[in-house]
1. Using a 10 Å cut-off on Cβ to Cβ distances, tally the other chain neighbours for every residue of B:19-32 and report the average as a whole number.
2. Report, as an integer, the average count of C-beta atoms from other chains found within 10 Å of each Cβ along D:308-316.
3. Quick check on packing: order C:282-289, D:251-258, B:132-139 by the mean number of other C-beta atoms within 10 Å, highest mean leading.
4. Just need the relative contact order of region D:4-358 here, percent rounded to a whole number, with Cα pairs under 8 Å and 6+ apart.
5. Rank by packing, highest mean first: peptides D:38-45, B:113-120, with packing defined as the count of other Cβ atoms within 10 Å averaged across residues.
6. Would you mind working out the magnitude of the charge dipole of region C:184-234 relative to its Cα centre, with +1 at each Lys and Arg C-beta and -1 at each Asp and Glu C-beta, to the nearest 20 Debye?
7. Using only helices, what value at 222 nm comes out for chain D when you add -39,500 (n - 2.57) per DSSP H run of length 4 or more and divide by the total residues, to the nearest 500 deg cm²/dmol?
8. Of the peptides B:178-187, D:214-223, D:166-175, how do they stack up when ordered by the mean number of other Cβ atoms within 10 Å, highest first?
Protein chains: 4
Amino acid sequence: MSSEFGKILKVSIFGQSHGEGIGVVINGLPPGETLDLDAIDAFMRRRAPGRSPLSTPRQEADKPEFIAGLLGNVTCGAPLCALIRNRDTRSGDYEQLRDVPRPGHADYPATIRYKGAQDLRGGGHFSGRLTAPLCIAGAICLQLLAKRGIFIGAHIAAVADIDDDPLPEQDLNEEFLQRISTKSFAVINDAAGEKMQQAILAAANDEDSVGGIIECCAINFPAGIGNPMYEGLDNRLAQAIFGIPAIKGLEFGSGFAGSRLRGSANNDPWILQDGKVRTTSNHHGGILGGLSSGMPLVYRVAVKPTPSIAKTQQSVSLSRQENTPLSIKGRHDPCIVPRAIPCLEAVTAIVLLDLLLEQ
Amino acid sequence: MSSEFGKILKVSIFGQSHGEGIGVVINGLPPGETLDLDAIDAFMRRRAPGRSPLSTPRQEADKPEFIAGLLGNVTCGAPLCALIRNRDTRSGDYEQLRDVPRPGHADYPATIRYKGAQDLRGGGHFSGRLTAPLCIAGAICLQLLAKRGIFIGAHIAAVADIDDDPLPEQDLNEEFLQRISTKSFAVINDAAGEKMQQAILAAANDEDSVGGIIECCAINFPAGIGNPMYEGLDNRLAQAIFGIPAIKGLEFGSGFAGSRLRGSANNDPWILQDGKVRTTSNHHGGILGGLSSGMPLVYRVAVKPTPSIAKTQQSVSLSRQENTPLSIKGRHDPCIVPRAIPCLEAVTAIVLLDLLLEQ
Amino acid sequence: MSSEFGKILKVSIFGQSHGEGIGVVINGLPPGETLDLDAIDAFMRRRAPGRSPLSTPRQEADKPEFIAGLLGNVTCGAPLCALIRNRDTRSGDYEQLRDVPRPGHADYPATIRYKGAQDLRGGGHFSGRLTAPLCIAGAICLQLLAKRGIFIGAHIAAVADIDDDPLPEQDLNEEFLQRISTKSFAVINDAAGEKMQQAILAAANDEDSVGGIIECCAINFPAGIGNPMYEGLDNRLAQAIFGIPAIKGLEFGSGFAGSRLRGSANNDPWILQDGKVRTTSNHHGGILGGLSSGMPLVYRVAVKPTPSIAKTQQSVSLSRQENTPLSIKGRHDPCIVPRAIPCLEAVTAIVLLDLLLEQ
Amino acid sequence: MSSEFGKILKVSIFGQSHGEGIGVVINGLPPGETLDLDAIDAFMRRRAPGRSPLSTPRQEADKPEFIAGLLGNVTCGAPLCALIRNRDTRSGDYEQLRDVPRPGHADYPATIRYKGAQDLRGGGHFSGRLTAPLCIAGAICLQLLAKRGIFIGAHIAAVADIDDDPLPEQDLNEEFLQRISTKSFAVINDAAGEKMQQAILAAANDEDSVGGIIECCAINFPAGIGNPMYEGLDNRLAQAIFGIPAIKGLEFGSGFAGSRLRGSANNDPWILQDGKVRTTSNHHGGILGGLSSGMPLVYRVAVKPTPSIAKTQQSVSLSRQENTPLSIKGRHDPCIVPRAIPCLEAVTAIVLLDLLLEQ
């Protein structure tokens, strides 16, 4: 197991959902960078649970304590370690899962992988809670990127069968990205957002859940960053993005829709605009041959409906070797999409900064 | 740049499309494995160009010479190196590209990344031709997996707007996968395949190209292989798959369609079947929490339409700093999807074997 | 910067000497291993300061808190994180060092490397104090190796110009290694040890310091573990061992002395002994071609005299750009050799377990 | 097995001594660097066998063919691959070794590691012949370093019990290093060199061999390059250096001798000299805390006497499970030290360039 990614900037996540704490170690941060610790806290609150009827009622402040890597609020070049203590844990909820694996969860394969020794409480190390330390790392990288003029934002492109408006091809600027992604419900079209929230509540009422699609975007990332083949911008993003629980699909630019087009329609013509080389459209999503093109980086991810649902489901008892119904107790998000938004911004920021530092 | 992937089994690709040769170095192959060299050659022919009116007329035998790592046809534990000499190169075709970048290609970002020193001939190191050494590595890994009872196959799920039948949920066996994936046009539904080929030829006649979707599947991969977070089965596959040129999207199991479902519909119930723990459906595509579930691994990739088209396109002259039309000469595939089938089988085989060896 | 080593078992160290805390994250520990936490504490006390007139009077309990990776005292397969809070810190001692670098320390190159932003207090991340989290990781690995029959011990082979007796070629067993290495002063010949301690105290009285040599040994490590070339047993040990501050030399088996011999004298003849293949001598130190031979692993390291001495030394003022005398305040070990013993056992245990897990 | 090292600049070695060929793949070379291919050939000749009565009579031109990574003689940014065909192979010499392992060689542990499938001919992948591709990589890196003002040289510090003069502390300049290291017998004191050569010939006459010590030096490497703990200048060098067969010891600066000194004698005082921060002595060998100090990098390695000797030795028959005498046939160097000189320069150049590129 290696819960780590990155090459120059290495992010290593530790912790279990209901253990003592969760945290992150970051190797390779540039020294001498002044961090806005309040902005990190604010970013963490965007992911934190218990803030809305749409999310789990578990209460966690998720305020990181910085153990190492800072002198005051300045990076000192040593590995940064940030720690979050777990507080509102109710471990009794989870004991039956050692015998009866939940559909859509890693319980069964983890039992084989870890010979039954894994921490099942709250999903253990597999829990979405582990995206909190990821967001600490991301919040730091977002600040370092912003100083270099690079901005990242994301919106809820779909929940269930309701779609948000697409990202505008023009006017993708810092202000727009900031405004959309920090909304309490991060959509471009608020009427669509209203319907999405109703769909989430309806699912919750039915003891069920819904999934959705998130679209993420980075602007002003310079051209020519990345590598061909296996260490490219897309490869590195893909490896890291599938580390966020519930992500089951990823497409860059026109993605699956683009595979239906002809080359003449999907190719993005080059033009000179104000002395800069750009493309007139962005079907390539800012990546060509593993390298950044200088156009906005745009990708979409498919988020599966939360597998933890209260509704009775079919499973097996591993000890009795028989089929058995399962009702999952515990507190869960009926839709994880809104809280996944900052996670995708985080992972994108980490990968982009890592690639920038590699050049 | 690092044109390498894998952890225990490391695959390192070298070469440029019109250079002296292309090849692969593989570290970490188990010792004492007898290889069927004829089967490797047969696998290579599935990817080789010049075999059909649907592909580039460039003639390359693509028969690997084994420089190291074998004693006779048995792996000796030392790094394996296989080399393919380039033969049918026409480098004069490519000189204008140093000034006028092709839409949909990496020419422009590569010029920045490599300060203009990159080998542009035939796409250089960015060329799809570099999937030939990948296929050597894949052909070897496929044989090692087959000895362990694991089989991989893929089919053309779509070309342009024409869809093949989906993979059957039942009866996914070695014989079926083998039969479909080695067809001269790898579809389940031959009538659909006929239409796809017409669409490809129509695009070619229009000096244009089409893209498509490939679905790949692995069976009998044991449960509990992989890791949570960033070194999981999905993460490793994703990193490697986006190393194949023209791949712009990837989804596991129900993927983007699954994100539209409710949890109760997308979750796969566990059951006991003949004493084995299985799921009654496979929306999770064989992966849960980065670990294999024991169900078939199923994923789909979006292949963009070949960016090299004869049709005149819009570009810029970097030297003259002005917009300019571009007509691309050279020999190109009007649709890369059929030849990408063995590449995806190859990359899947490498990642699966690497993860098996890691346990 | 990457304060991490290992391949399957990855050990990542964080912290600064006078920061909030120091700690370690370990990825890749086998699941289901029961740890003896008291034995870990006992091992930590062997390295801890303030226990003897030979070491710094700084008082640190160095008792690790386990944040993640355990369920009770059993490894759960998730990354293990252990934390030690710093307590007895006196940061005021160190401020002048930002301007006047200490001879024999990394102050000056670190100022260039980190643009002056590094944490200088107590040596920051460069401090020998960072071997405490290394010892946590080592104590765990020693337990896992002991369960597999493999034992590691070390002794003080020399302090200044006084030599201990050499390790016996025969009778290198668990009991012997355990007895020697856990002595309060870890020598085979106690009379020599007495002289060494006098030499240390004499140096301390002179506001000076002494260095020495440590010999480390592992028994029962099976033959055939490791790799040729750059990932071998010697390569991995060497990379990790030079991570312990003050180590300036390393030799395996007969080492430098062996380079003076003829091949016929330095070669170790193979014999069958009780049905096992062994060598009659061990000039090769248990390593041949990067692989373990099945004979005891034996190496020696040179530990430089502690560079921090109270005696006035010559240095420069970086701000005033002039030569200046320097008197170092703070609390320091007049000889680091005794406290380095468990550090070498720790690093050896980590590397051996990592290589065992890789096979 | 991973016959690879480096982080940004990755060097991967392949081949067996008597296989089709040997070679190297280098990822991460800067693009646009013009190489002097004749200088590479000249460097290769310094390592090549068959040039003197002191070395094996095996005749190998060792002229590399560049398969990839160059356009003409300019690096294009793609992985560089260079290949050397093996020519003068006599494989029949080695067959008995599958049963009777040679003392001082990896035959026995390799048989366990590779289940008997390893290529034994000429030592296979364990052969010193694999330093030829290392030297190709090193020759390239030496050129790139020289353009940046950094020069590397080495001399034979000892053969058997005869010592060369030490490196001068002053006047270590490019001209001196170049002159010494390219001598046909690379010593500072030619009278000592004469005695060394007599000792080598005497050993050869006795069907025996001798070892020695090599001292290597790099000048003008800037201060502040490297990392604390496990990715430092010393750690990286150590990992790579022990990849050269027959190296059994390594010490930086005053090394083992320094461990006998007091801190006040071993510390190197800082001074300002011509406006530059330097030390008045160089016991630290140019490395402090894993970082370069700006002073010359100086290290010494212990080279064991060639284990292949014609003299009859004691071994075992693995098949018959009995002790048996062994006479080794084949062609061998009575002393490998002279031919190891360029290998150490090579490995040093690779590590230094890698660290420079990482900053």
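Values quoted throughout were computed directly from the atomic coordinates according to the rules given, and no laboratory measurement underlies them. Because the structure is predicted, anything quoted here is derived from the model rather than measured. Every residue, glycine as well, gets a Cβ built from its backbone with ideal geometry; the counts of neighbours run over all protein chains shown.
1. Per residue, the number of nearby Cβ atoms from other chains is 6 on average.
2. Counting Cβ atoms of other protein chains within 10 Å of each residue's Cβ and averaging gives 4.
3. Working: C:282-289: 25.8, D:251-258: 23.2, B:132-139: 27.8.
Result, highest mean first: B:132-139, C:282-289, D:251-258.
4. Across region D:4-358, relative contact order equals 23 percent.
5. Packing proxy ranking, top to bottom: B:113-120, D:38-45.
6. Values: 1 positive and 8 negative charges, 41 e Å.
Using only the charged Cβ atoms, the result is roughly 200 debye.
7. Values: 9 runs with 98 residues, N = 359.
So the calculated ellipticity at 222 nm is -8000 deg cm²/dmol.
8. With the highest mean Cβ count within 10 Å placed first, the list reads D:214-223, B:178-187, D:166-175.
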